[in-house]
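The values are calculated or read from the model by the stated rules, or taken from the named source; none is laboratory data. Here the structure is a predicted model, which means the values were calculated and not measured. A quick note on method: Cβ atoms are made from the backbone with ideal geometry, for glycine too, and the neighbour counts reach across all protein chains shown. In case anyone asks, the SASA skips ligands and DNA or RNA and just uses the protein heavy atoms, side chains included. Shrake-Rupley method; radii C 1.70, N 1.55, O 1.52, S 1.80 Å.
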Amino acid sequence: MDSKLAFYIGKRIILALFTVFLVITITFFAMKAIPGGPFLSEKAPSAAVTAQLEAKYGLDKPLMEQYTTYLKDVLRFDFGPSIKNRGRTVTALMLEGFQTSGKLGLIAAVLAVAFGLVLGSLAAVFHDKFIDKLIMVISTACVAMPSFVVATILLLLLCIVIPIFPSNGSTAGGLILPVVALSLSPMSYITRLTRSSMLDVLGQDYIRTARAKGVSPSKVLFKHSLKNAVTPVITYVGPMVAYILTGSLVVEQIFAVPGIGKYFFSSIINRDYPMIMGTTIFLATIMVIMTLLSDICYKIFDPRVDFN
Amino acid sequence: MKDINQMPKKNPLSFQLNLQSFEQATEDEKALQQRMRESTTFWKDGMRRLSRNKVAMTCLVIVTLIVMIALFVPMFYPYSYDQMLGVSQGATDASYNNLKPFEFGATEQARIANGEKIFPHIFGTDAHGRDYCIRVIYGARVSLAVGFFASIIVLIIGAIYGSISGYYGGKVDLIMMRIVDIIYSLPDLLMIILLATVLNQTLRPVLDTALAGTPLAKLGTGMISIFIVFALLYWVGMARLIRGQILTIKQQDYVLAARSIGAKGGHIIRKHMLPNCISVLIISTALQIPSAIFTESYLSFLGLGVNMPMPSLGSLASDALGGIYSYAYRLVIPAVAICLIVLSLNLLGDGLRDAFDPKLKK
């Protein structure tokens, strides 16, 4: 059993490493496939200046040499200088942005899991009662809403029609609405997941046994039911992180949060290729790691799952 | 009916059945053989279950209504989505820009004063004097079309890949599924943003020169890159699902029978296996459409989707964000439209799943 688990974890880590390598490779060659190179976007500089710039950024070397250099640099977490933000490195810009984005994403993820579990259990306990139906209607409606739609509607309602929240996300209070916008859809999804797996668990014989021998209702709920019902939620953590991170690229733009989305958005518009590459690789790595962790946790927490 | 005693006697050495050991069926037993009602087919059965599902039927009505509006209203609507009303009056007339709902431009007001009837601008006009209502309708058409065709692409690639992998099994299956695993673990939306950025740049010169004037050029780089990206990345979920179905169907006796009379693999997959996983194909395609619309609106919101002046719901919402303080309704209308389309398609897909394949229910 343990050797099987170790084998599984090893296999997953290798797959994850390969995925990250693939992301770096795709990103690199995709950017190289763009005709014209990064300096053609503005008023075209003279040939001599272009040649000098290319020499400065190492773009005059053969493609494979550039690729191996880039791979080595990425391993040292060095994504090169940003082309549009003169004098700053991509790594510095990303880390600066990620301080805010990471905080935003973490709060949103924690909120989504906490409220999702509570609401889902509530709906399952009061199955077919009014509360259950209310929770299900709201979560069904919210799960389909793209985060940028939620964000714009929140911005409109709570910043403009009834101005109780600041529309500028650079202050601490301004982070409330972006967090809500990001966590609403994953929260609804977790609510639905928890509800269905809780209903499944609550119908099991061991729950009836626990009740029959007089275990207190709260203990039955938290210790016997929730603990068993929580495993599907663990598998959702990986996709949730991906959803929140990509969603925050847009939501940050809407609420003017000075996060990684700001740089990413402007780098797409300005065609700041090193910045696009760096952000893609950085965010993709976080997503791959989170998916890896959630899959491994799932296998550890639920020994019934077979290793195929 | 002959009397049982008049039946020919059985030769004791013969292997014939002894007819005298049979009894005649009674009337009650004969009644059991009668068909009480028409036997139902797969489709009838599914449609019956679907029509009992109130939520799914409501969503079906909403979806049909939206599709009808998006398809037919632009045909007889008096304005077109890229017609700048102020410019079409001759000299540029700024009074047509940023009209509130049901307001009219200067020359239109003069014509109304003369007793002419003019079709109102139901949602007003945008900053370039284009009728906003037709832009929303056209945007819905673009979003629906992207969702539909992207799902068809996903269906075709996923079905072919998954059925080959599942049918041939062994090493072929192993290699094909490892490729699927790797593509599956790529963060899809990030890769889409990246590829859309790249394709937008690389496709533009090709479209402007070699393919100028073709329908492809009219679609624009954004749409084409969305389709390419879907064809490259999104089929993996479908391929996995189909492979799983094929693996179970492969064990069925009719597949063995077909193989034993010498049918080729491609024939068996096309004629015997795929028709038997039709429910999975329909359901997952139906659920793919809203996810494609979602992705398209996200990309358009980032400015990587459809090309100007073609609207999509995402790009309309994105454009409206700039004027949110003065023209909030311009943001609300496409946002509500996206939610309505995605939600009703999702619920309809769930309903189809419950009706056609109850086993798939989570």
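Between A:THR246, A:THR231, which is open to solvent by less than 40 Å² (accessible area, probe 1.4 Å), free of Cβ contacts under 8 Å to residues at least 40 places away in the same chain and either hydroxyl-bearing (Ser, Thr, Tyr) or away from chain B (no Cβ under 14 Å) (or both)? Within the list A:THR246, A:THR231, the selection yields A:THR246. Contact map, segment B:155-171: first residue more than 13 Å from B:GLN245 (Cβ to Cβ), second residue of a type in the set (Phe, Trp, Tyr) and open to solvent by less than 40 Å² (accessible area, probe 1.4 Å), Cβ cut-off under 6 Å, separation 6 or more or different chains; pairs are B:ILE157/B:TRP235. With respect to A:SER139, is the statement that it is more than 10 Å from chain B (Cβ to nearest Cβ), of a type in the set (Gly, Ala, Ser) and in contact with a Lys or Arg (Cβ under 6 Å, 6 or more places away or on another chain) true? It is true that A:SER139 is more than 10 Å from chain B (Cβ to nearest Cβ), of a type in the set (Gly, Ala, Ser) and in contact with a Lys or Arg (Cβ under 6 Å, 6 or more places away or on another chain).
The set of residues in segment A:135-145 being part of a helix (DSSP H, G or I) and either touching a helix residue (DSSP H, G or I) at 6+ places or on another chain (Cβ under 6 Å) or open to solvent by less than 70 Å² (accessible area, probe 1.4 Å) (or both) consists of A:ILE135, A:MET136, A:SER139, A:THR140, A:ALA141, A:CYS142, A:VAL143. The criterion of being more than 25 Å from A:ILE107 (Cα to Cα), in contact with a helix residue (DSSP H, G or I) (Cβ under 9 Å, 6 or more places away or on another chain) and more than 11 Å from chain B (Cβ to nearest Cβ) holds for A:MET275.
Looking for something modelled with pLDDT under 85 and under 14 Å from the mean Cα position of the chain (by Cα) - is there at least one such residue anywhere in segment A:147-166? Yes, that holds for at least one residue. Taking the listed residues B:GLY351, B:GLY322, the one that is surrounded by fewer than 20 Cβ atoms within 10 Å (Cβ to Cβ) and either part of a helix (DSSP H, G or I) or at pLDDT 80 or above (or both) is B:GLY322, with no other qualifying. Exactly one residue out of A:VAL220, A:VAL241, A:VAL237, A:VAL201 is open to solvent by 10 Å² or more (accessible area, probe 1.4 Å), more than 30 Å from B:MET191 (Cα to Cα) and β-branched (Val, Ile, Thr), and it is A:VAL201. Of the residues that make up segment B:113-128, is at least one open to solvent by 10 Å² or more (accessible area, probe 1.4 Å), part of a helix (DSSP H, G or I), more than 27 Å from B:VAL336 (Cα to Cα) and of a type outside the set (Asp, Glu)? Looking for residues that are open to solvent by 10 Å² or more (accessible area, probe 1.4 Å), part of a helix (DSSP H, G or I), more than 27 Å from B:VAL336 (Cα to Cα) and of a type outside the set (Asp, Glu), one finds at least one in segment B:113-128, hence yes. Taken over segment B:189-210, the criterion of being within 8 Å of chain A (Cβ to nearest Cβ) and either within 15 Å of A:SER266 (Cα to Cα) or not polar (S, T, N, Q) (or both) is satisfied by B:LEU189, B:LEU190, B:MET191, B:ILE193, B:LEU194, B:LEU195, B:THR197, B:VAL198, B:PRO205.
Scanning segment A:101-134 for residues that are open to solvent by 70 Å² or more (accessible area, probe 1.4 Å), of a type in the set (A, V, I, L, M) and closer than 30 Å to A:PHE264 by Cβ returns A:LEU106, A:ILE107, A:VAL110. Could you say whether any residue in segment A:146-158 is within 14 Å of chain B (Cβ to nearest Cβ), assigned to a helix (DSSP H, G or I), in contact with a Gly (Cβ under 8 Å, 6 or more places away or on another chain) and not β-branched (Val, Ile, Thr)? Yes, segment A:146-158 contains at least one residue that is within 14 Å of chain B (Cβ to nearest Cβ), assigned to a helix (DSSP H, G or I), in contact with a Gly (Cβ under 8 Å, 6 or more places away or on another chain) and not β-branched (Val, Ile, Thr). Scanning segment B:166-194 for residues that are of a type in the set (A, V, I, L, M, F, W, C), open to solvent by 30 Å² or more (accessible area, probe 1.4 Å) and within 23 Å of the chain's Cα centre (by Cα) yields a single hit, B:ILE183.
What helices (runs of 4 or more DSSP H) completely inside segment B:215-319 contain at least 2 residues that are more than 19 Å from the chain's Cα centre (by Cα) and over 27 Å from B:ARG178 (Cβ atoms)?
Per the criteria, B:215-229, B:253-260, B:278-302.
Residues are listed down the side, and each one gets a yes or a no for (1) within 17 Å of the chain's Cα centre (by Cα); (2) open to solvent by 30 Å² or more (accessible area, probe 1.4 Å); (3) more than 9 Å from every other protein chain (Cβ to nearest Cβ):
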site: A:PHE265; (1), (2), (3): yes, yes, no
site: A:ILE268; (1), (2), (3): no, no, no
site: A:ALA284; (1), (2), (3): yes, no, no
site: A:MET290; (1), (2), (3): yes, yes, yes
site: A:LEU293; (1), (2), (3): yes, yes, yes
site: A:ASP302; (1), (2), (3): no, no, yes
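Can you go through A:VAL257, A:VAL149 and tell me which one is hydrophobic (A, V, I, L, M, F, W, C) and touching a residue at least 12 places away in the same chain (Cβ under 8 Å)? Only one candidate qualifies: A:VAL257. Count of segment B:292-309 residues, restricted to those that are touching a residue at least 24 places away in the same chain (Cβ under 8 Å) and open to solvent by 30 Å² or more (accessible area, probe 1.4 Å), is 3.
A:ILE207 passes every criterion in (1) at pLDDT 85 or above; (2) open to solvent by 10 Å² or more (accessible area, probe 1.4 Å) apart from (2). Residues that are at the interface with chain A (Cβ under 10 Å from one of its Cβ atoms) and either open to solvent by 10 Å² or more (accessible area, probe 1.4 Å) or over 29 Å from B:TYR234 (Cα atoms) (or both) within segment B:310-319 comprise just one, B:SER318. Taking each residue of segment B:328-346 that is facing another protein chain (nearest Cβ under 9 Å) and open to solvent by 50 Å² or more (accessible area, probe 1.4 Å) and looking for partners that are part of a helix (DSSP H, G or I) and modelled with pLDDT of 85 or more with beta-carbon atoms closer than 6 Å, six or more apart or interchain, yields nothing. Counting the residues of segment B:25-69 that are surrounded by 10 or more Cβ atoms within 10 Å (Cβ to Cβ) and more than 25 Å from B:ARG353 (Cβ to Cβ) gives 5. Criterion applied to A:LEU182, A:LEU221 was being more than 10 Å from every other protein chain (Cβ to nearest Cβ), part of a helix (DSSP H, G or I) and touching a Leu at 6+ places or on another chain (Cβ under 8 Å), and the one residue passing it is A:LEU182.
In the condition set (1) over 30 Å from B:ARG135 (Cα atoms); (2) touching a residue at least 24 places away in the same chain (Cβ under 8 Å), B:ALA257 is compliant with all but (2).
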